[in-house]
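The values are calculated or read from the model by the stated rules, or taken from the named source; none is laboratory data. Every value quoted in this text rests on a predicted model; they were computed, and no experiment measured them. No Cβ is skipped: glycine too gets one built from the backbone with ideal geometry, and neighbour counts run over all protein chains shown. What goes into the accessible areas is simple: the full protein's heavy atoms, side chains included, and nothing from ligands, DNA or RNA. Shrake-Rupley method; radii C 1.70, N 1.55, O 1.52, S 1.80 Å.
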Amino acid sequence: MLSAVALAHAIHAGRLSPADVAERCAQTIRACEPDIRAFATLDLDTMLARAQEPGLGQTPLAGLPVGIKDVLDTAGLPTERGSPIYAGYRPAADATVVRMALRAGAVIPGKMTTTEFAFMKPTQTRNPRRLSHTPGGSSAGSAAAVAAGMLPLALGTQTAGSVIRPASFCGVTGYKPSFKLIPVPGLKVFAWSLDTIGLFGAHVADVAFGAAAMTGRDLIPEESDELPHFALVKTARADQASADAHAALEAAGQAAVKAGARVSVIELPPEVEALDEAQGVIQSYEAALAFADEWDRHRDGLSDRLASYLADGMTIAPEVYDAARRTARRGRYALADLFAGHDALLTFSAPGEAPEGHATTGSPVFNKLWTLSGAPCVNVAGLTGATGMPIGVQVVGRFGRDKAMLGAARFLERAITDA
């Protein structure tokens with residue numbers, strides 16, 4: 001995989017140029033894309049031309065290629081959202097985060113595949129770690145492109161588990177920031193209380209660098225002698241995790257202790273556990289409204305699975321939705337109290353290795369709670385299951401304390417590497 005930090009340092013130091021990196025990515029894309037199929041739209045000529053622009057190497061992103069998930073609007077490229085309804089659609093404006101990336105010096109090679117409207121219908125993309133297995137969803141193309149070394153950074157989105165889960169399946173770092181840290185205008189909304197834009201990179205330092213460069217925020221962890229205190233949490237759904245996932249979580253905890261951290265095994269308060277069920281209600285109710293136009297005017301263009309899901313969402317009464325929102329508020333308060341005694345939570349990223357076959361993108365069962373909480377999360381890579389496929393572990397931080405959470409995740413990443 002390509003380290004965004006290492007490449008940016010080399011460009012800023014004059015050892016490489018943006019054109020050098022763009023050409024390297026283009027060569028890898030040409031070699032790997034026929035098998036991986038991570039791109040919904042590919043425009044290498046435009047990427048290579050922009051990489052030649054004077055001064056690009058001195059920008060925050062140093063002219064690095066950044067993949068854009070195809071639910072984010074791009075004026076210069078089609079935005080098809082994984083749906084035939086939007087075949088050939090070209091928005092008049094870039095999504096805010098796309099414009100932020102371009103202002104920071106990104107070059108864009110194309111749009112990355114997404115499941116239909118970032119829901120559950122699998123994409124054409126294959127897992128670079130083993131082509132016969134799913135890369136996860138919905139940010140399949142973004143995770144796969146980084147895992148295959150085609151790109152150093154890619155943007156994804158998460159409404160339930162669509163950053164953390166594919167990152168775990170593909171063996172890359174996935175960062176879901178605190179809710180609303182990255183602005184969402186220009187994102188095709190699925191559920192406005194949940195949709196969160198995140199990043200994929202090779203390592204924790206890479207996603208921290210990318211997010212800091214795009215947002216202008218102080219997100220890069222500082223070196224510190226302070227050792228984190230992790231709370232290891234298996235949640236009430238631990239029985240849905242495979243033996244491999246349990247082993248990976250235990251190994252991560254042991255590596256953290258060996259590196260000097262404290263790890264306490266805890267159970268979540270009922271108010272926090274209740275976020276899991278509330279997330280499903282909120283997502284379904286909001287999706288039924290967010291896709292009102294597609295339902296009313298283009299229903300034949302929806303997959304049977306999505307159409308059935310939206311129909312179910314229409315049966316949820318407003319008072320049930322409002323009750324779920326109150327549950328969410330109570331859960332967030334309870335989670336904030338939990339962080340009074342811990343620096344970060346350590347939990348499952350996914351139920352296990354990426355499932356074999358391409359009929360499913362896997363389950364977000366270990367992600368939904370944390371998405372509704374609004375808390376920042378990172379999939380930390382480096383562990384594998386019994387068949388050698390990646391299994392990540394998830395670090396969860398306190399809302400709005402993304403830099404501290406990224407620091408704890410970087411500590412754990414190093415501990416796993418050194419174990």
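Taking (1) under 30 Å from Ala292 (Cβ atoms); (2) open to solvent by 20 Å² or more (accessible area, probe 1.4 Å) in turn, Leu369 satisfies each apart from (2). Can you find a residue that is in a helix (DSSP H, G or I), free of Cβ contacts under 8 Å to residues at least 60 places away in the same chain and out of contact with any Phe, Trp or Tyr (no Cβ under 9 Å at 6 or more places or on another chain) anywhere in region 394-417? Within region 394-417, one or more residues are in a helix (DSSP H, G or I), free of Cβ contacts under 8 Å to residues at least 60 places away in the same chain and out of contact with any Phe, Trp or Tyr (no Cβ under 9 Å at 6 or more places or on another chain). Confirm whether Phe179 is under 18 Å from the mean Cα position of the chain (by Cα), open to solvent by 10 Å² or more (accessible area, probe 1.4 Å), at pLDDT 95 or above and not small (Gly, Ala, Ser). For Phe179, the condition - under 18 Å from the mean Cα position of the chain (by Cα), open to solvent by 10 Å² or more (accessible area, probe 1.4 Å), at pLDDT 95 or above and not small (Gly, Ala, Ser) - is met. Mind listing whichever residues of region 313-336 are more than 14 Å from Tyr285 (Cβ to Cβ) and in contact with a helix residue (DSSP H, G or I) (Cβ under 9 Å, 6 or more places away or on another chain)? Within region 313-336, Arg330, Gly331, Arg332, Tyr333, Ala334, Leu335 qualify. The residue pairs whose first member lies in region 1-27 and is more than 17 Å from Gln52 (Cβ to Cβ), whose second member is aliphatic (A, V, I, L, M) and open to solvent by 20 Å² or more (accessible area, probe 1.4 Å), and whose beta carbons are closer than 6 Å, counting only pairs six or more residues apart or on different chains, are Val5/Ala205; Ala10/Leu16. Select from region 274-289 the residues that are open to solvent by 40 Å² or more (accessible area, probe 1.4 Å) and charged (D, E, K, R) and list them in ascending order. Matches in region 274-289: Glu277 only. Among the residues of region 53-68, just one is in contact (Cβ under 8 Å) with a residue 40 or more places away in the chain, part of a loop (DSSP other than H, G, I, E, B) and open to solvent by 60 Å² or more (accessible area, probe 1.4 Å), namely Pro60. In region 71-86, is there at least one residue being farther than 15 Å from Arg165 by Cα, free of Cβ contacts under 8 Å to residues at least 24 places away in the same chain and surrounded by fewer than 24 Cβ atoms within 10 Å (Cβ to Cβ)? Among the residues of region 71-86, at least one is farther than 15 Å from Arg165 by Cα, free of Cβ contacts under 8 Å to residues at least 24 places away in the same chain and surrounded by fewer than 24 Cβ atoms within 10 Å (Cβ to Cβ), which makes the answer yes.
Within region 1-47, being part of a helix (DSSP H, G or I) and closer than 23 Å to Glu80 by Cα holds for Ala26, Ile29, Arg30, Cys32, Glu33, Pro34, Asp35, Ile36, Leu44, Asp45, Thr46, Met47. Is it the case that Gly105 is closer than 20 Å to Gly149 by Cβ, buried (at least 24 other Cβ atoms within 10 Å of the Cβ) and modelled with pLDDT of 95 or more? In short, no.
Here's the yes/no breakdown for (1) touching a residue at least 12 places away in the same chain (Cβ under 8 Å); (2) under 22 Å from the mean Cα position of the chain (by Cα); (3) more than 22 Å from Ser162 (Cα to Cα):
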{"site": "Glu250", "(1), (2), (3)": "no, no, yes"}
{"site": "Ala274", "(1), (2), (3)": "yes, no, no"}
{"site": "Phe291", "(1), (2), (3)": "yes, no, no"}
{"site": "Asp300", "(1), (2), (3)": "no, no, yes"}
{"site": "Arg326", "(1), (2), (3)": "no, no, yes"}
{"site": "Arg329", "(1), (2), (3)": "no, no, yes"}
{"site": "Arg332", "(1), (2), (3)": "yes, yes, no"}
{"site": "Phe339", "(1), (2), (3)": "yes, no, yes"}
{"site": "Ala344", "(1), (2), (3)": "yes, yes, no"}
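In this structure, Met47 qualifies as open to solvent by less than 50 Å² (accessible area, probe 1.4 Å), farther than 17 Å from Gly201 by Cβ and touching a residue at least 40 places away in the same chain (Cβ under 8 Å).
Scanning region 224-256 for residues being open to solvent by less than 50 Å² (accessible area, probe 1.4 Å) and either at pLDDT below 95 or part of a strand (DSSP E or B) (or both) gives a total of 5. Screening Val189 on (1) β-branched (Val, Ile, Thr); (2) in contact with a strand residue (DSSP E or B) (Cβ under 9 Å, 6 or more places away or on another chain); (3) more than 24 Å from Ala22 (Cβ to Cβ) shows it passes everything except condition (2).
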